[in-house]
Amino acid sequence: MQLEAVMAVANSESVLLKDFKIPTYILVSEAKVEKVPEEPKCPVIVFINSKSGGQLGGDLLVTFRNLLNEEQVFDLGEEAPDKVLRRIYVNLEKLKNSGDELAVKIQKNLRLIVAGGDGTAGWLLGVVSDLKLSHSPPIATVPLGTGNNLPFSFGWGKKNPGTDDNSVKLFLGEVMKAKEMKIDSWHIIMRMKTPKEGSCDPIAPLELPHSLHAFHRCSEADELNVEWMLKFHMLFILSESCILKNLKTS
């Protein structure tokens, strides 16, 4: 075995999974409250686009679920991140109000991991911004797309990652050490013709990218209004969100 491979295995073995695991009752409101002997130092919620990277997305999903609590690892093909985070934060607030100190600490130290392409990462950044949390959790990006420009810009590389246990443990170790960074934002407002009645989002038969979503119908007083128009908000990089920079490549 080459020296680099030996060092990687040694480093992965030094990563303690208990530092990242979140108890089920924090994530699922119906679950019974459990006593945790030691709070996780770097609690994470993981979002994976299982369709990204060919088979890699699905393999990565399996590995994360095997290493962590299955309830803290989500397949974006099955559930959207906004629904997941709203549900978890509602439960966190309920637990905090009941005096649960662990819930307070987990919310304070929580970090998010998103595995997918640039579009998937932008989707999660937009969701976190839309939630308008008092403390937005920083986001680490796993390069699982084609371009991977966003992960590359913040030190996570462009190459698709390994999906074995050691590779995931190494990544978790880097997430724990990563530095939080605020990022700039651009917003574009678009108008698009749509049916007179019904819900404005989603608009069949359009397949909108996740970073583009309708937020309300144009007002009749809007001077740029044309009959049956909707305003769309294009979210790029949101200043209300925080991203994690990998210090290993700094």
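The values are calculated or read from the model by the stated rules, or taken from the named source; none is laboratory data. Here the structure is a predicted model, which is why all the values come from computation and not from measurement. All Cβ positions, even for glycine, are placed from backbone atoms using ideal geometry, and neighbour counts span all protein chains on display. Areas reflect the complete protein model, heavy atoms only, side chains present, ligands, DNA and RNA absent. Shrake-Rupley method; radii C 1.70, N 1.55, O 1.52, S 1.80 Å.
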**Fill in**
Given backbone amide H placed at 1.01 Å from N, residues whose amide H is under 5 Å from that of V142, ignoring those fewer than 5 places away on the same chain, are V114, A115, G116
**Request:** Give a residue-ordered list of calculated ³J(HN,Hα) values for the range 147-153 (Karplus: 6.51 cos²θ - 1.76 cosθ + 1.60, θ = phi - 60°; whole Hz; x for Gly, Pro).
**Result:** x, 6, 5, 5, x, 5, 5
**Message:** Please report the accessible area of K105 (heavy atoms, 1.4 Å probe, ligands and nucleic acids excluded) in Å², nearest 10.
**Reply:** 80 Å²
**Request:** Tell me the label-point distance for the pair D100, H135, using the 7 Å Cα-to-Cβ offset, in nm and rounded to one decimal.
**Result:** 1.6 nm
**Complete:** the range 20-152, convex hull of Cα, quarter of hull surface, nm² -> 7.9 nm²
**Asked** Quick one: if you stick a label point 7 Å off each Cα along the C-beta vector at K51 and E38, how many nm between them?
**Response** 4.1 nm
**Fill in**
Violations at 31 Å Cα threshold for listed pairs K32/K83; K83/K108; K32/K158 -> K32/K158
**Prompt:** Translational D (Stokes-Einstein, µm²/s) of the range 24-73 at 10 °C and 1.306 mPa s when Rh comes from the Kirkwood sum over C-alpha pairs?
**Reply:** 128 µm²/s
**Complete:** Excluding residues fewer than 8 positions from K169 in its own chain, the lysines with Cα under 16 Å of it are K18, K21, K41, K177, K248
